Amino acid sequence: MALAAAQRVDAIAAALVPTAATVTTDRFHPFAESELPAWRVTADAEDVTASGLDGTEEHILIVNAEGFVQADTGIDDAMNDLAADGLAAVATAHPNTYQLQGIDREASQSAEACTGVIRLRFATRFFVSPAAPEVIVS
Amino acid sequence: MAFVEDTALFLADFGSAATLNAVAVTAIVDTSSVVELDGIVTQAPTALLQTAEASAAAPGQTFAAAAVTYKVRQVLKEPPDGAFTRLVLARA
C-alpha cells in the first residue's frame, strides 16, 4: 500500500507505459536520450476538506504528467503526438477518474537536437478516512 | 608591425581531419553534456573550422569526424572577426 495520492500517481504512470520508452514517478530522474520519449509523473498540490460526519476527507489532487521528446525537426508534432497518446491511454484505463486541467509546452534547441516537454495537468478526486490514508474509500 | 593571425596553424595543432558536405576540412570537434528542460541529459557537439573552409556551410549539410556522422543544425561566425566558424551539430 501507499498513500492514496501515490496510488493515483502510479495509476497514471501505469497507463502511460505503452505510449513511451520510459515512464517514471521519480521526480528527479534525468532522462538519457536513449530513454526518450519519456513520461515523468508526479503529484502536485493536494487540497483536503472534511466531507462527512464520520471524518471522511475529500482530496483533490493535481497530478502532472510531463512528456519529454527529442526531434531534429517537428518538435511540436512530437510533443503533441505523445500527449495525444498519453491522454487517450489515461482516459481508456481510468475513465472519469482524471480530469485534464491544462497543457503546457516548452522547447529548447540549445543542444544537438530540439528537445521538448509537454506537461499534462490532471485533477483527481478521492475520499479517504483519516485513520487509513492508504485506503481510497471511493 | 601589424599582427597577422594564422588560423590554419591553430587548427593544424589542435584540429583533426573531417569532412563537411563531403569536402575534406580540418576541425576541432567539441562535445559536452547538458541538462535541458529540467529533465533531459543530452549532448551538445560543435565543430570549429576556419571560415575559409566553411564559407559554403549551411544547415542540413553532413559533417563527419572520427567515424561519427552529424547533421549541421546551425552555422555561427565566431567573434570577434568571424575568422572561425562554429557548426552546431546533431548526430545523424
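The values are calculated or read from the model by the stated rules, or taken from the named source; none is laboratory data. This one's a predicted model, so the numbers in the text were calculated from it and none came from an experiment. Counting neighbours? That spans all protein chains shown, and the Cβs are built from the backbone with ideal geometry, glycine included. For the accessible areas, the whole protein counts, side chains as well, though only heavy atoms, and no ligand, DNA or RNA atoms are used. Shrake-Rupley method; radii C 1.70, N 1.55, O 1.52, S 1.80 Å.
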With the condition kept exactly as written, say whether any residue in the stretch B:59-68 is open to solvent by less than 70 Å² (accessible area, probe 1.4 Å), under 28 Å from A:PRO30 (Cα atoms) and in contact with a Pro (Cβ under 6 Å, 6 or more places away or on another chain).
no
Picked from the stretch B:60-76 (must be modelled with pLDDT under 95 and in contact with a Phe, Trp or Tyr (Cβ under 9 Å, 6 or more places away or on another chain)), the residue farthest from the other protein chains (Cβ to nearest Cβ) is B:THR69
Legend entry - Check on B:ALA57, in contact with a Ser or Thr (Cβ under 7 Å, 6 or more places away or on another chain), away from chain A (no Cβ under 14 Å) and under 29 Å from A:LEU36 (Cβ atoms): yes
Notebook entry, point to check: Could we say that A:ASP47 is more than 24 Å from A:THR115 (Cβ to Cβ), touching a His at 6+ places or on another chain (Cβ under 9 Å) and of a type in the set (Asp, Glu) here?
Noted result: yes
Over the stretch A:104-127, the set of residues closer than 20 Å to A:PRO30 by Cβ and among the hydroxyl-bearing types (Ser, Thr, Tyr) is A:SER108, A:SER110, A:THR115
Scanning the stretch A:38-68 residue by residue, the ones that are surrounded by 23 or more Cβ atoms within 10 Å (Cβ to Cβ) and more than 14 Å from A:PHE122 (Cβ to Cβ) total 2
The number of residues in the stretch A:67-78 that are closer than 21 Å to B:ALA44 by Cα and either assigned to a helix (DSSP H, G or I) or basic (Lys, Arg) (or both) is 3
Note on the stretch B:77-92: residues under 9 Å from the mean Cα position of the chain (by Cα) and either within 12 Å of chain A (Cβ to nearest Cβ) or open to solvent by less than 20 Å² (accessible area, probe 1.4 Å) (or both) are B:THR85, B:LEU87, B:VAL88, B:LEU89
message = If I filter the stretch A:107-118 for residues that are closer than 20 Å to A:ILE60 by Cβ, aliphatic (A, V, I, L, M) and modelled with pLDDT of 95 or more, do I get at least one hit?
response = no
Among B:ALA83, B:ALA8, B:ALA54, the single one that is touching a helix residue (DSSP H, G or I) at 6+ places or on another chain (Cβ under 6 Å) and at pLDDT below 95 is B:ALA83
Of A:THR49, A:THR42, A:THR115, A:THR97, the only residue that is assigned to a strand (DSSP E or B) and under 13 Å from the mean Cα position of the chain (by Cα) is A:THR42
When A:PHE122 is run through (1) open to solvent by 40 Å² or more (accessible area, probe 1.4 Å); (2) part of a strand (DSSP E or B), the failure sits at (1)
Across (1) buried (at least 18 other Cβ atoms within 10 Å of the Cβ); (2) over 13 Å from the mean Cα position of the chain (by Cα); (3) more than 19 Å from A:GLN109 (Cβ to Cβ), B:LEU49 clears everything bar (2)
Of the residues in the stretch B:18-46 that are within 14 Å of another protein chain (Cβ to nearest Cβ) and under 11 Å from the mean Cα position of the chain (by Cα), the one that is most open to solvent (accessible area, probe 1.4 Å) is B:THR31
Only one of A:GLN99, A:GLN70 is within 12 Å of another protein chain (Cβ to nearest Cβ) and not acidic (Asp, Glu), namely A:GLN70
Restricting the stretch A:1-37 to residues that are more than 19 Å from A:LEU120 (Cα to Cα) and open to solvent by 60 Å² or more (accessible area, probe 1.4 Å), the one nearest to the other protein chains (Cβ to nearest Cβ) turns out to be A:SER34
